[in-house]
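Contents: one structure, followed by commentary.
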Amino acid sequence: MARDDRGFTKIQELAYELRVADAMTAAVETIGPENTVGDLAQRLREMKISGMPVCDKEKLVGMMSIEDLINCLMEGELGRKIRHKMTRDVVTLYADEPLTRAVERFEKTGFGRFPVLERKSGKVVGIITKGDIVRCLLRKLEIDYREEEARRHRVSHLFDDLEADSSRLVLRYRVEGGDFTTAGQRSSRLKRNLTRLGFHPEMRRRAAIAAYEAEMNMVIFTPGGELEVCVEPGRITVEAVDRGPGIADVELAMKPGYSSAPDWVRELGFGAGMGLPNIKSCSDEMTLETRPGEGTRLRFVVGPRS
Amino acid sequence: MLEMRLAGAKDGAGRLMEQEGGARKVSHTVEMSVEEIGKVLDAELVTGGRNPLPSVRMGCGCDLMSDVLSFAKPNTLLLTGLVTPQVIYAAEVADIKVVCFVRGKRPRGEMVKLAESKGIVLLTTPYGMFESCGRLYQCGLRGCFEMGEERKLGAGSA
């Protein structure tokens, strides 16, 4: 199967959002060009790090890595000055660049670390390794995961935590008539809320499907209205109230396959005459009050009868 | 000739039997992964939703979202020629995790983002609705009507 590689994983998205500054090790250790390779060996050992930028009065002039040090050891050049042995063509990154840039650079150059500069002053403000990137991404993923978990946890215990003989939560959604771009959005948001509130999958599915049909009816046939959802433990009640033309023949409207929707609605995949029958089959109770010229009040319940 | 390397799919197709009264019934449910669907339909992944990629147990080919909401069950693959945000919303409320657009239709921009935010996988296949459904059915993937009937009749293991 052809795979779309234009970036869709969560990791890729994060690597784009995060900046080099988020992942780098700040307060970087530097060494001067006049120090000896021996000084460097001691500093690397003390700090337990694998490379250092070489700075001359805060200005970056080169890099010394552990590989450079090993080469010097083999040549017996511990006494030589850093400026003779350092890598001069240093690849750098700016602190405000996206983390993806750093990943690309590591892939392209094969280097183990890059000094990070502040764009304005050109000063070294940090150093970044592949390990830093991995740690940063993992940390961010964990935070995101915890936040969603915490949200879910918080809300799913809402009813347990409220001290009352009974409690109910009311969610209101305004629906614009004729606005097909947002049609379906309220039911989608309702479903997410019911998920967070810890409702059984089948129950939240039935409630969301019925709400979607009610929302679509409002968008197609009326100038607008409101969905009022009353949530209680184990029971979801939806009232869909609109200021539309009303339903002339309720019995006919309840018949599967009957629809008075215009062609443009059918072209959008609706108006198949399944709306009201579907709401009925998804709900445990349903009542419909309608007055021609005034509007319609549809009420349905998902959950045991009261 | 359609290649059927997929063990589960071949098994399923092989077990198509004639029932009493002429009704066809597969003796067990075939589950298909997004990757298997991709192979059978030469489909391209538009967005992968959340990893890991889900699998489906039945299919529904439909351009009427109301029908989708009436008949599709969770774990259904939705095949459709309709490319509007309402497809994504309908999929979400009906617990549909995989949607494949037929005849090379490809959702763009906002719609892809919407699907991503809801963890819905989007595919696009060059085949038309009839060919797409036929190919999948041949591999043993069943329709959501059949699955509903089976449950009503009390057949199957459960």
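No value in this document is a laboratory result; all are computed from the given coordinates. Nothing here was measured: the structure is a model prediction, and the numbers come from that model. Cβ atoms come from the backbone with ideal geometry, glycine included; neighbour counts cover every protein chain shown.
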Once Rh is set to the Kirkwood radius over Cα pairs, what Stokes-Einstein translational diffusion coefficient, in µm²/s, holds for region A:151-306 at a temperature of 37 °C and a viscosity of 0.692 mPa s? 205
Where does each of A:Y212, B:Y89 land when they are ranked from fewest to most other beta-carbon atoms within 10 angstrom? B:Y89, A:Y212
Mind checking A:205-217 for the average number of partner chain beta-carbons within 10 Å of each residue's beta-carbon? 4
Do the sum for the protein assembly as shown: with -39,500 (n - 2.57) for every DSSP H run of n ≥ 4, divided by all residues, what is the mean residue ellipticity at 222 nm, to the nearest 500 deg cm²/dmol? -11500 deg cm²/dmol
What's the Cα-based Rg to Rh of region A:81-126, Rh via Kirkwood? 1.01
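Taking each residue of B:90-98 in turn, how many C-beta atoms of other protein chains fall within 10 Å of its C-beta, and what is the average?
Working: counts 10, 1, 9, 16, 5, 7, 0, 0, 0.
Rounded to a whole number, the mean comes out at 5.
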Under a 5 Å amide H to amide H cut-off, with H placed in plane at 1.01 Å, what residues pair with A:D56 once short-range neighbours are removed? A:V61
If R₀ is 35 angstrom, what is the calculated FRET efficiency for the pair A:E148 and A:I70, using the beta carbon separation as r and rounding to 0.05? 0.15
Averaged over B:57-70, number of beta-carbon atoms from partner chains that fall within 10 Å: 5
Here are some pairs, A:K57/A:K140; A:K191/A:K280; A:K130/B:K39; which of them have Cα atoms lying more than 30 Å apart in this structure? A:K57/A:K140; A:K130/B:K39
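Quick one: B:E35, A:E75, fewest Cβ neighbours within 10 Å first, how do they rank? Numbers along the way, then the final one.
Details: B:E35 15, A:E75 11.
Least to most surrounded, the residues fall as A:E75, B:E35.
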Under the Kirkwood approximation applied to all pairs of distinct alpha-carbon atoms, what is the hydrodynamic radius of chain A in Å? 24.9
Which angle between 0 and 90 degrees, to the nearest 10, do you get for helix A:201-221 versus the longest principal axis of chain A when only C-alpha atoms count? 70
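Please list A:54-67, A:213-226, A:144-157 highest first by mean number of surrounding beta-carbon atoms within 10 Å per residue.
Highest-to-lowest ranking by the protection proxy: A:213-226, A:54-67, A:144-157.
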Once phi is turned into θ = phi - 60°, what whole-Hz ³J(HN,Hα) does the Karplus curve with 6.51, -1.76 and 1.60 give for every residue of region B:93-98, x standing for Gly and Pro? 5, 8, 6, 8, 9, 10
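Return an integer: the convex hull volume of the alpha-carbon atoms of region A:48-123, in Å³ per residue.
Numbers: hull volume 8.1 nm³, N = 76.
Looking at region A:48-123, the number lands at 106 Å³ per residue.
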DSSP-defined beta bridges in region B:31-103 - what % are antiparallel, rounded to 5: 20
Distances longer than 14 Å among the Cα atoms of region A:168-254: what percent of all pairs is that? 62
